[in-house]
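Engineer: Submitted below is the structure of interest, expressed as structure tokens.
Nothing in this text is a laboratory measurement; each read-out follows from the coordinates by a stated rule. Note that this is a predicted model, so its numbers are computed, not measured. So basically every Cβ, Gly included, is an ideal-geometry build from the backbone, and we count neighbours across all protein chains shown.
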Amino acid sequence: MHIPDGFLDPKNSIVTYVASTGTLGYALYKAREELDEKKIPILGITAAFIFAAQMLNFPVAGGTSGHFLGAVLAMVLLGPFSGFLVMSVVLLVQCLFFADGGLTALGANIFNMGIIGGFLSYYLLILAKKALSRFGERRSLLFSSAFFAWFSVVVASAACSIELAFSGTVPFKVVFPAMVGVHSIIGIGEALITTVVVAIVLQLRPDLVASFTGAPSLPYAGEGVS
Amino acid sequence: MSRKMKISLGAFIVASFAVALILGIFISPYASESPDGLERVADDKGFLNKAEETEPAWKHSPIPDYQFPKVKNEKFATSLSGLIGVIITAVVAVMIGVIPLALRKLAKRSKTTSADET
């Protein structure tokens, strides 16, 4: 759901740019609590994997396709701030090198897919994981990852609809049901890919899943550090 | 380390980068070419023209729409874009990731200096 140039009015472009660049600055500062030298290459491969996976459009109903977003995956693996940095890098590279997503809409795309589909979904995931903790660390993480990966795509498409409506591009009651409808199908792909990748990394290297508290972690890392 | 790691960090990095490259190079040419969710809605609800009639704000994308320029075979042009994109994204992410580390080193240094003072 990369918004191209021409869909947003200046007001919406500017507001989302301010929110996204502000968050980016804060994430650059906060990510130091999640990263060490060992994690830097993991940042690179996560970004590379998300870029590649985003290229793989899969067919959904009626001549429409969807693709992976990856924000929830990045945040579960790396921690929310590093995950946000990874999403921002992917969206920036797509915009500047591949003309995927307009430059005037980059702020909105980072806002929708990195903040709404990212932070909001991630923190709800962590709450859900805690609520499900009696099912065990691994199961509660995988189940909440599946649900909130799906949720992230739907809620990002809802945010996108709101921006399009506020920009006067299309009436809200027209765009909202259409966007949320198709993305609730696309979100199933997001849930599948996210859960499978998290499960594989948990099998191979549980220490590389930042949200998996059963693994040995950095002294800084983990939720609740402010 | 309480848990047994199945593979070394190096092996993990090499294997996952290989997966990214395989997806980007060999699978991407077979991705669905149908419009994505937003494009489909824009087309159905009649506002796709707003994007088509707008000049892109950034005109210097070297590989627009994941089609490597001057390569006639579309599948090969997509593969090349996948290869280049995977490498660029990895490099940029590593470059960005170094910033917080540098900040942490700075913070640590100032912490030890202030500890020395007290």
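Engineer: Are there any trypsin sites (Lys or Arg not before Pro) in region B:6-57 that are in a DSSP loop and have at most 13 other Cβ atoms within 10 Å? List them by number.
Structural biologist: Loop-located and lightly packed - B:Lys6.
Engineer: Hey, what D do you get for the protein assembly as shown in µm²/s if you plug the Kirkwood alpha-carbon radius into Stokes-Einstein at 20 °C and 1.002 mPa s?
Structural biologist: Once the numbers are plugged in, D ends up at 105 µm²/s.
Engineer: Place a label point 7 angstrom from the Cα of A:Leu192 along the Cα-to-Cβ direction, then list the residues of region A:67-84 whose backbone nitrogen is under 14 Å away.
Structural biologist: A:67-69
Engineer: Just round it to a whole percent: the fraction of Cα-Cα distances in region A:51-189 exceeding 24 Å. Don't jump to the answer; show the numbers that get you there.
Structural biologist: Numbers: 2958 of 9591 pairs.
The proportion of pairs with Cα distances above 24 Å equals 31 percent.
Engineer: Also: In percent, how large is the relative contact order of chain B, given Cα pairs closer than 8 Å and 6 or more residues apart?
Structural biologist: Dividing the mean separation by the residue count of chain B yields 30 percent.
Engineer: For chain B, what is the Kirkwood hydrodynamic radius in Å, using each pair of distinct C-alpha atoms?
Structural biologist: Numbers: mean 1/r = 0.0526 Å⁻¹.
This gives a value of 19.0 Å.
Engineer: Compute for region A:14-77: radius of gyration divided by Kirkwood radius, i.e. Rg/Rh, restricted to C-alpha atoms, rounded to two decimals.
Structural biologist: Result: Rg/Rh = 1.09.
Engineer: Mind putting a number on the dipole of region B:9-90 about its Cα centre? Charges go on the C-beta only, +1 for Lys and Arg and -1 for Asp and Glu, and I need it in Debye to the nearest 20.
Structural biologist: 340
Engineer: Give, to the nearest whole percent, the P(r) tail of region B:53-114 beyond 13 angstrom, counting all Cα pairs.
Structural biologist: Details: 1384 of 1891 pairs.
In whole percent, the long-distance tail amounts to 73.
Engineer: Still on this structure, please answer the following. Using only Cα atoms, figure out Rg for region A:106-162 and give it as a multiple of 2.2 N^0.38 Å.
Structural biologist: Relative to the 2.2 N^0.38 Å estimate, region A:106-162 comes out at 1.22.
Engineer: Now for a separate question. Say the dipole of region B:9-90 comes from +1 at the beta carbon of Lys and Arg and -1 at that of Asp and Glu; which of B:Gln67, B:Ala90, B:Ser34 then lies farthest toward its positive end?
Structural biologist: Of B:Gln67, B:Ala90, B:Ser34, it is B:Ala90.
Engineer: While we're on this one: Can you tell which of A:Phe58, A:Phe97, A:Leu127 lies farthest toward the positive end of the dipole of chain A, using +1 and -1 charges on the Cβ of basic and acidic side chains (Lys, Arg; Asp, Glu)?
Structural biologist: Among A:Phe58, A:Phe97, A:Leu127, the one farthest towards the positive end of the dipole of chain A is A:Leu127.
Engineer: Counting other Cβ atoms within 10 Å of each Cβ, which GluC sites (Glu not before Pro) in region B:1-76 have at most 16 and sit in a DSSP loop?
Structural biologist: B:Glu33, B:Glu53
Engineer: Now a separate question. Per residue of A:4-15, how many C-beta atoms from partner chains lie within 10 Å of its own C-beta, taken as a mean?
Structural biologist: 3
Engineer: What's the average, rounded to a whole number, of partner chain beta-carbon atoms within 10 Å of each residue's beta-carbon in A:96-106?
Structural biologist: The shielding value for this peptide is 6.
Engineer: Taking chain A as the reference, fit the longest principal axis to its C-alpha atoms, fit the long axis of helix A:172-204 to the helix C-alpha atoms, and give the angle between the two in degrees, 0 to 90, nearest 10.
Structural biologist: Around 20 degrees separate the two axes.
Engineer: Can you pull the mean other chain C-beta count within 10 Å for peptide A:152-160?
Structural biologist: 1
Engineer: Then there is this: Give me the angle, in degrees from 0 to 90, between the Cα long axis of helix A:137-166 and the longest principal axis of the Cα atoms of chain A, rounded to the nearest 10.
Structural biologist: Taking Cα atoms only, the helix is inclined about 20 degrees.
Engineer: Using Cα pairs closer than 8 Å and at least 6 residues apart in sequence, work out the relative contact order for region A:5-72, in percent. Display every interim value, and only then the final one.
Structural biologist: Values: 21 pairs, mean separation 11.6, N = 68.
Over region A:5-72, the number comes to 17 percent.
Engineer: Right, next: Taking the Cβ-Cβ separation of A:Lys173 and B:Glu53 as r and a Förster radius of 25 Å, what is the calculated FRET efficiency to the nearest 0.05?
Structural biologist: Using R0 = 25 Å, I get an efficiency of 0.55.
Engineer: Order of A:176-182, B:80-86, A:105-111, B:64-70 by packing, highest average Cβ count within 10 Å first?
Structural biologist: In decreasing order of mean packing, A:176-182, B:80-86, A:105-111, B:64-70 become A:105-111, B:80-86, A:176-182, B:64-70.
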